[in-house]
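A quick write-up on the structure given underneath.
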Amino acid sequence: MARELIHAIVDGILTGGVYALMAVGLTLIFGVLDIINIAQGVLVILGAYLSYSLSTRAHIDLFTGLLITIPVMFIIGVVIHWAFIRRLRGTERTSMTLLVTYAVALIIEGVLYKVYGADDVQLQASYTTSSVHIFGFYLPWIFIYGFIVAVCLVVALYLLLYRTRLGRSVRATMQDENAARLVGIEVNRVAALTFGIGVAVTAVGGMFFGATNAFNPNSGYDLISRLLAIIILGGLGSIGGALAASVFMLTLESVVTIWQPTWAIAVFYAALVLVLLIRPTGFLGRKAVRAQ
Amino acid sequence: MSEAALALDGVVAGYGGGDVLRGVTFEVPANQITCVVGPNGAGKSTLMKAISGLLKPRLGTVTLNGEKLIGKSPRQILKLGVVQVPQNHSLFKDMTVRENIDLGGYILSDRAQVAKRIDAVFDLFPQVRDWAGQRAGELSGGQQRLVEFARALMLDPALILLDEPSMGLSPLVLRSVLDAARQMNANGATILLVEQNARAGLKLSHRGVVMENGVVRLTGTGTEVLNHPEIGELYLGGAVKNGAQPG
Ligand SMILES: Nc1ncnc2c1ncn2[C@@H]1O[C@H](COP(=O)(O)OP(=O)(O)OP(=O)(O)O)[C@@H](O)[C@H]1O
Ligand SMILES: [Mg+2]
């Protein structure tokens, strides 16, 4: 029993690392642009299909393929921002962007159906099926590799945000857009780059998701609801909160699965409701998510 | 009267609804303090935004030493030496005071120059140096204002736009904030000041501009405006008519 529990916790933490990466992308986009990118889930699936094409057509290893899919997803993000988000202004902006990003999700889903069909596929590699035996557990290599890559990227994102000039301009824009403009930050450029970065990380999430789950073009909706729950729990716009909430939620889900697999997803959302009842701003959220 | 640094001519601007500024015309002389007063909603802040580039006027011209500002981005206007301290507190509250000051030099690419400017600004505002490591959001309202002033000086601007810098401050702190404005002017900057406390603002200023309902109602020297009978009654509560003011 205890062994099973520990195993579940380790599983949850490893998966949580990858979810953290996707959630950080979503929360960054929210923090800077004040929008919820509903398309984030479908973009993860798009990332998974890109990995799928690279591995089945060009026989490129899944991890090597990230060197291609990450920049490609970055460009897709910048293009989505340029084409759909940039123009939205005014008081209805936040609710408009919900609709617009939902439309983007539908468009991408439609394209995926057209190109790949509706059948489930899964990413295959030697390490998606083989496991390593440590401390008496069998852990699939993909979980360990995925976790390591996710942690490296989260650290890289952190360094980008807290140690570079670009990062400083991103944080400044998150805290007070007008003040940022008044010190000469070009907030539209910052927004486009942030959107690109937030989408680029879905390449990694997609690869990991696709290697551990069967997926089809419709799989993005379950993902986006989980990611939304995570960033709300973490406190909208809070990067540290997104990390903590990812690991917490996925571990919880994994532990509950031991007893009642069917309850796992319900507990996931019940935990969200419970935490918000006690602390309406989430783990690390402040009273106002951002300055007005 | 010295040469005009900034000239506005027939500026019309708004937020998409109706026009808020309905043809604003006046000049801001170089190396002086010009104070804009007027009732709430007159369009004073809108005017400041129209100059700094946050808001694009629909009609009219704004020129800085002859160069047109309208159509330029806030960044381009900043590069020409115009910096705005807005009405609402504008520090990045989760960053330290030092990071905030540093961001005042965001458009400078030369790090050595930024470091030099930070030292110069700390010399002008020694208290700010003491707060350098604190999170900006932890400072009091008056302290935040001084940090905003310090940040505005990072680019050694030619023209500083101060929008109600004393808002929400106690009379004592108000004095120190206005003293800081005076000091910035003494160091060579031209200042356009919006001040809710019209009496204190006008006494400090060389020129006064009275705005009402999106147009300029009256201009003159600070004392002229302060002593104008009608204006005294309208905006200064009447008490100023005889001109004699304590403190
Ligand atoms: N962002 C905005 N969007 C729409 N209308 C605005 C906006 N900001 C100001 N207004 C409107 O423009 C008018 C002038 O506002 P402005 O802030 O320029 O006045 P003000 O003279 O600075 O007043 P106060 O002394 O209260 O600061 C007001 O009627 C206000 O409601
Ligand atoms: Mg105002």
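The values are calculated or read from the model by the stated rules, or taken from the named source; none is laboratory data. Source: prediction; values computed, not measured. Virtual Cβ from ideal backbone geometry, glycine too; neighbours counted across all protein chains shown.
Please note which helices (runs of 4 or more DSSP H) are completely contained in region B:163-238 and include at least 1 residues that are free of Cβ contacts under 8 Å to residues at least 12 places away in the same chain and either more than 25 Å from B:Asp9 (Cα to Cα) or not β-branched (Val, Ile, Thr) (or both).
Ranges flagged: B:171-186, B:229-235.
Among the residues of region A:242-257, is any surrounded by fewer than 16 Cβ atoms within 10 Å (Cβ to Cβ) and in a helix (DSSP H, G or I)?
No, region A:242-257 contains no residue that is surrounded by fewer than 16 Cβ atoms within 10 Å (Cβ to Cβ) and in a helix (DSSP H, G or I).
Output the residues belonging to region B:38-53 that are within 11 Å of ligand 2 (Cβ to nearest atom), within 13 Å of the chain's Cα centre (by Cα) and not charged (D, E, K, R).
B:Ser45, B:Thr46, B:Leu47, B:Met48
Using the structure shown, decide if B:Pro74 is free of Cβ contacts under 8 Å to residues at least 24 places away in the same chain and within 11 Å of chain A (Cβ to nearest Cβ).
yes
List, please: which pairs have Cβ atoms under 9 Å, are six or more places apart or on different chains, and start with a residue in region B:39-68 that is away from chain A (no Cβ under 14 Å) and farther than 20 Å from A:Leu182 by Cα and end with one that is of a type in the set (S, T, N, Q) and within 8 Å of ligand 1 (Cβ to nearest atom)?
Taking only residues 6 or more apart or on different chains, the pairs are B:Asn40/B:Gln196.
Working only within region A:36-88, note down all residues that are part of a helix (DSSP H, G or I) and polar (S, T, N, Q).
A:Gln40, A:Ser51, A:Ser53, A:Ser55, A:Thr56, A:Thr64, A:Thr69
Count, please, the residues in region B:4-15 that happen to be out of contact with any Lys or Arg (no Cβ under 9 Å at 6 or more places or on another chain), farther than 14 Å from B:Ile70 by Cβ and either within 14 Å of chain A (Cβ to nearest Cβ) or touching a residue at least 60 places away in the same chain (Cβ under 8 Å) (or both).
The total comes to 2.
Given the criterion modelled with pLDDT of 90 or more and small (Gly, Ala, Ser), identify the matching residue among A:Gly17, A:Gly41.
Every option except A:Gly41 fails the conditions.
Suppose we filter region B:183-202 for residues that are within 16 Å of ligand 2 (Cβ to nearest atom) and touching a Leu at 6+ places or on another chain (Cβ under 8 Å); how many remain?
Going through region B:183-202 one residue at a time, the tally reaches 7.
Quick grid of which residues meet (1) surrounded by fewer than 21 Cβ atoms within 10 Å (Cβ to Cβ); (2) more than 14 Å from every other protein chain (Cβ to nearest Cβ):
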{"site": "B:Asn88", "(1), (2)": "yes, no"}
{"site": "B:Asp94", "(1), (2)": "yes, no"}
{"site": "B:Lys116", "(1), (2)": "yes, yes"}
{"site": "B:Asp123", "(1), (2)": "yes, yes"}
{"site": "B:Ala132", "(1), (2)": "yes, yes"}
{"site": "B:Arg135", "(1), (2)": "yes, no"}
{"site": "B:Leu153", "(1), (2)": "no, no"}
{"site": "B:Asp163", "(1), (2)": "no, no"}
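B:Asp94 is checked against (1) within 16 Å of ligand 1 (Cβ to nearest atom); (2) in contact with a helix residue (DSSP H, G or I) (Cβ under 9 Å, 6 or more places away or on another chain) and fails just one. What number does that condition carry?
(1)
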